[in-house]
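Novice: Sharing a structure here in structure tokens format.
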Amino acid sequence: MSYQVGVFVGSLSKVSINRRLATALQRLSAGTNLHLQEIPIGNLPLYNHDYDADYPPQGLAFKEAIAGVDALMFVTPEYNRSIPGSLKNAIDWGSRPWGQNSFARKPSAVIGTSPGKIGTAVAQQHLRSILSFVNSPELAQPEAYIQYTEGLINEDGEITDQGTAAFVTDWLQKFEVFVGKVVS
Ligand code: FNR
């Protein structure tokens with residue numbers, strides 16, 4: 001059984017280390033039954049509920065992209081001990097209009113990297129709280145807090161540290177098992 005996984009990259013930066021991590025995940029997923037494809041968040045306007053009466057094409061396309069995958073992966077930086085506003089905005093778009101929450105029963109996993117020692121842990125806790133509310137079953141363990149050091153992931157998305165590569169591979173494999181249990 002193979003699973004389509006929509007990937008949200010929480011950073012819009014061109015030089016994002018989390019985008020590098022997403023590329024690494026893409027590479028390492030080749031050894032699993034997970035097929036990762038990015039769902040872009042950077043083109044979404046700032047959400048407000050006036051849109052609910054008539055969702056704009058970007059909002060509809062975003063919800064259709066979520067509907068088209070079996071599972072979701074969040075690869076996010078930590079901004080001021082939370083998730084970036086761009087990612088929260090995207091989740092708000094996906095959760096509405098009321099009664100049409102795209103995240104309901106869609107399994108998810110959270111991972112992120114930061115130069116800080118706790119490697120996005122606080123942002124991930126905030127994100128888990130949001131995902132609980134939108135009714136997305138989350139991979140609880142292993143948690144994945146990746147401390148970024150210079151050169152840890154090269155421009156091609158190769159993780160240069162063997163231990164980190166092995167950890168991320170194991171994390172992907174456990175997510176695959178989890179997705180299988182949720183969707184079956
Ligand atoms: C940061 N950074 C950061 N790091 C961290 O570990 N905890 C934090 O709360 C914050 N807060 C924060 C706020 C803002 C506005 C910025 C721009 C940065 C540093 C952050 O981890 C670093 O810039 C990463 O490179 C961001 O990830 P991307 O965008 O490169 O993927």
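Values in this text are rule-based calculations from the coordinates and carry no lab data. If you're wondering where the values come from, they're calculated on a predicted model, not measured in any experiment. Because the Cβ atoms are built from the backbone with ideal geometry, glycine has one as well, and the counts that use them run over all protein chains shown.
Novice: Taking amide hydrogens as modeled 1.01 Å from N in the peptide plane, which residues meet the under 5 Å criterion relative to Ser136, leaving out close sequence neighbours?
Specialist: Residues meeting the criterion, in which the H sits 1.01 Å from N, are Arg105.
Novice: Determine the equivalent ellipsoid of segment 17-83 by diagonalising the alpha-carbon gyration tensor, then write out the semi-axes as square roots of 5 times the eigenvalues, largest first, rounded to whole Å. Working shown, then result.
Specialist: Values: eigenvalues 139, 61, 15 Å².
Semi-axes (√(5λ), whole Å): 26, 17, 9.
Novice: Kirkwood-based Rg over Rh for segment 128-184 (C-alpha set), two decimals?
Specialist: Ratio value, two decimals: 1.07.
Novice: Against the longest principal axis of the chain, how steep is helix 162-183, in degrees 0 to 90 to the nearest 10, with axes from Cα atoms?
Specialist: 40
Novice: Using DSSP to call loops (not H, G, I, E or B), can you name the trypsin sites (Lys or Arg not before Pro) in segment 1-69 whose Cβ has at most 15 other Cβ atoms within 10 angstrom?
Specialist: Answer by residue number: Lys14.
Novice: Would you work out the charge dipole size for the chain about its Cα centre, treating the Cβ of every Lys and Arg as +1 and the Cβ of every Asp and Glu as -1, and quote it to the nearest 20 debye?
Specialist: Computed charge dipole of the chain: roughly 280 debye.
Novice: Can you work out the Karplus-derived ³J(HN,Hα) for every residue in segment 22-35? Use 6.51 cos²θ - 1.76 cosθ + 1.60 with θ = phi - 60°, whole Hz, and x for glycine or proline.
Specialist: 5, 5, 4, 5, 4, 4, 6, 6, 4, x, 10, 9, 9, 10
Novice: Here are some pairs, Lys14/Lys117; Lys14/Lys181; Lys14/Lys174; which of them have Cα atoms lying more than 28 Å apart in this structure?
Specialist: Where the Cα-Cα span goes over 28 Å, the pairs concerned are Lys14/Lys181; Lys14/Lys174.
Novice: Could the peptides 75-84, 152-161 be put in order, highest first, of the mean number of other beta-carbon atoms found within 10 Å of their residues?
Specialist: The peptides rank, most packed first, as 75-84, 152-161.
Novice: Which trypsin sites (Lys or Arg not before Pro) in segment 98-153 pass both tests, a DSSP loop state and at most 11 other beta-carbon atoms within 10 Å? Working shown, then result.
Specialist: On the way: sites: Arg105, Lys117, Arg128; in loops: Arg105, Lys117.
In loop regions of segment 98-153 (DSSP not H, G, I, E or B), the sparsely surrounded trypsin sites (Lys or Arg not before Pro) are Arg105, Lys117.
Novice: Still on this structure, please answer the following. Express in whole angstrom the spacing between the alpha-carbon centres of segment 5-50 and segment 58-122.
Specialist: Cα centres, segment 5-50 to segment 58-122: 9 Å.
Novice: Within segment 103-130, which residues have the backbone N less than 20 Å from the label spot 7 Å out from Asp52 along Cα→beta-carbon, could you tell me?
Specialist: Answer for segment 103-130: 103-105, 130.
Novice: Please list the equivalent ellipsoid semi-axes of segment 100-167, computed as the square roots of five times the alpha-carbon gyration tensor eigenvalues, in descending order and whole angstrom. Show your work: numbers first, answer last.
Specialist: Numbers: eigenvalues 146, 33, 21 Å².
Value: 27, 13, 10 Å, ordered largest first.
Novice: Moving on to the next point. Round to the nearest 10 and give me the degree value, 0 to 90, for the angle of helix 85-95's Cα axis relative to the longest principal axis of the chain.
Specialist: The angle comes out at about 50 degrees.
Novice: Would you please calculate the Kirkwood hydrodynamic radius of the chain over all C-alpha pairs and express it in Å, rounded to one decimal? Intermediate values should be presented prior to the final figure.
Specialist: Working: mean 1/r = 0.0607 Å⁻¹.
16.5 Å is the Kirkwood radius here.
Novice: Given the -39500 (n - 2.57) contribution per DSSP H run of 4+ residues, what per-residue ellipticity at 222 nm results for the chain, rounded to the nearest 500 deg cm²/dmol?
Specialist: Value at 222 nm, helices only, nearest 500: -12000 deg cm²/dmol.
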